[in-house]
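Have a look at the structure below, then the notes.
The values are calculated or read from the model by the stated rules, or taken from the named source; none is laboratory data. Keep in mind that what you see is a predicted model, and the values were worked out from it rather than measured. Methodologically, a virtual Cβ is constructed for each residue, glycine included, from the backbone with ideal geometry; neighbour enumeration extends over all protein chains shown. The protein model used for the area step is the full one, side chains on, heavy atoms only, and it has no ligands, DNA or RNA in it. Shrake-Rupley method; radii C 1.70, N 1.55, O 1.52, S 1.80 Å.
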Amino acid sequence: YFLDKSDKYDSRDVERLQQDDKWVENYLIWRHDVVDDTLKMIDESFQWRKEYTVNDLSESVLPKWLFEIGALFLHGYDKEGYKLFWFKVKHHTRDPKQQLDKKKLVAFWLEHYAKRDHGKPLTVVFDMAETGISHIDLDFVRFIVNCFTDYYPNFLTKIVIFEMPWIMNAAFKIVKGWLGPDAISMLKFTNKSDVQEYISGEYLPPHMGGTDSFKYSYPPLVDDDFQTPLCENGPITSEDEHESKEEIDAETKEAGELNEAQNLNQKKMNSIEQISKSEETDKTEVKPKNAKKALTTFKGPLLHISPAEELYFGSKETGEKKCLIVLTNVTKNVVAFKVRTTAPEKYRVKPSNSSCEPGTSLDIIVSLHGGFAASLQDRFLIMAAEMDQSSGAGVPELTQFWKEVPRTKVMEHRLRCHVIESSKPSSLTLKDNAFNIPAKTNEDLHIQLTHLLQINKRLEEQMNRCLWFQQLSVVLSLLSVTVAAFCFYLACAQRS
């Protein structure tokens, strides 16, 4: 394909395909590990990406009014923690002159999310309240379907259709024909009484029976992940402060015992001593013993961040309330960093605003407090930027630095929360004996689960076909018996 059609592909896509195994794997999963079908999908999607200039789509190249009407946007999460991609159908009208721009808007949002959240699947919500025949646009719907079936592999979890008018039933029978058996199983037709089976009320607007007060507006571009005001360490009540001191004393004692037994992580401790003066008062909070490093790493231009995608916490029953983020400076300059969260009332982050020396690693402890439990909807944002060698690393210098640094020079990386229900300690949480626990990464488990689901679907399809042929055979047999009996009756009647 590359040799025959290299001029039809964007070189950036080809380069990514050669370097990003996860992307290739998603294509294979979506095409049931059939290599020829996978190659065909890659070929078609790459040609489409170049035709729509997907890698270069931005707010500046699309008409402003498309963003202002609020027909398409990302906001909230479903009950499984997947981002919601909203289609407000009542804001869409058919217009051939605007069709290309509207299609590019869909591609813009999908690419924007794919780059920001590393391709984690989406849940699509068609809000069809207050819609009618004038809003039906099968060409546009088919484009949306093709985006998920042909262009963005393994990117769809489900399609939630809310209050579809009966007049559109015929149109959606046509749409089902485009989806194919895999995607059809993802269709969820809902109304006000059952939509909360898939999406909790906190992310549903009032007309859908929810309590979400979110009102779409533009500008700025909707990014609800971090609309919550920043509170870097979380609020500390007197009860939490007392609890925190007890934990610090216990952890310090454990760390002292460990250091007497063996001299581990000396280099790491030396780098921690280089943290800015703003964190000096927290030096008694030492990393608990046997802290297990995460098995996955995000390799950014300034920092390598481990884990790459998810922080693993326990439920209220398991009691696992701490985990570790390891930052490694891969530049030749000091890198300043900040850690933000969507749930500042739940978490304490130590250190949350500091700097990392060239070539060194730094441990960040994220802990739940005040009796809170982690949630799939919670997010963390790590911001990093290079500092001049002459710049100081104290509180005033860091405060001034973040006020002046251009947004284009700031590296951002997001982490999700994963809640472990098992009573067994996770390899990614700070628990005793964590070094001795072999565990697969979340990505491995997700891939295996997806593969098993795909195999299950294929078996189900084969069983359905067998049942259909069996039923057809029974019907034909009955017809044959009926015809034979009728012929025998006629023959008897003629003789008599």
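Helices (runs of 4 or more DSSP H) fully within the range 1-107 that include at least 2 residues being aromatic (F, W, Y): 21-30, 35-51, 64-69.
Contact map, the range 452-474: residues that are within 13 Å of H32 (Cβ to Cβ) paired with residues that are among the hydroxyl-bearing types (S, T, Y), Cβ distance under 8 Å, separation 6+ or inter-chain. Pairs shown: K457/S185. Within the range 93-127, if we keep just the residues that are in contact with a His (Cβ under 9 Å, 6 or more places away or on another chain) and at pLDDT 85 or above, the residue that is surrounded by the fewest Cβ atoms within 10 Å (Cβ to Cβ) turns out to be K102. When every residue of the range 465-482 is checked against the conditions, none turns out to be at pLDDT below 80, within 30 Å of L28 (Cβ to Cβ) and open to solvent by 90 Å² or more (accessible area, probe 1.4 Å). Within the range 333-364, the set of residues being open to solvent by 10 Å² or more (accessible area, probe 1.4 Å) and in a strand (DSSP E or B) comprises K338, R340, R348, K350, N353, S361, D363. Does at least one position in the range 412-432 carry a residue that is at pLDDT below 70, touching a Pro at 6+ places or on another chain (Cβ under 7 Å), in a helix (DSSP H, G or I) and not assigned by the TED database to the domain that holds S361? Within the range 412-432 (the criterion being at pLDDT below 70, touching a Pro at 6+ places or on another chain (Cβ under 7 Å), in a helix (DSSP H, G or I) and not assigned by the TED database to the domain that holds S361), the answer is no, since none of the residues qualifies.
Answer yes or no as to whether F401 is open to solvent by 30 Å² or more (accessible area, probe 1.4 Å) and free of Cβ contacts under 8 Å to residues at least 40 places away in the same chain. Answer is no for this residue. Checking D240, D225, D150 one by one, the residue that is in a helix (DSSP H, G or I), at pLDDT below 65, closer than 24 Å to K115 by Cβ and not small (G, A, S) is D225 and no other.
Taken together, the residues in the range 406-418 that are open to solvent by 30 Å² or more (accessible area, probe 1.4 Å) and farther than 17 Å from S352 by Cβ amount to 5.
One residue stands out among those in the range 132-145 that are in a helix (DSSP H, G or I) and without any contact (Cβ under 8 Å) to a residue 40 or more places away in the chain: the one that is least open to solvent (accessible area, probe 1.4 Å), which is V145. The residue that is surrounded by the fewest Cβ atoms within 10 Å (Cβ to Cβ), among those in the range 46-91 that are of a type in the set (S, T, Y) and free of Cβ contacts under 8 Å to residues at least 60 places away in the same chain, is S60.
Any residue in the range 155-168 that is surrounded by fewer than 17 Cβ atoms within 10 Å (Cβ to Cβ), assigned by the TED database to the domain that holds L62, farther than 15 Å from F73 by Cβ and modelled with pLDDT of 85 or more? The answer is no, given that none of the residues of the range 155-168 is surrounded by fewer than 17 Cβ atoms within 10 Å (Cβ to Cβ), assigned by the TED database to the domain that holds L62, farther than 15 Å from F73 by Cβ and modelled with pLDDT of 85 or more.
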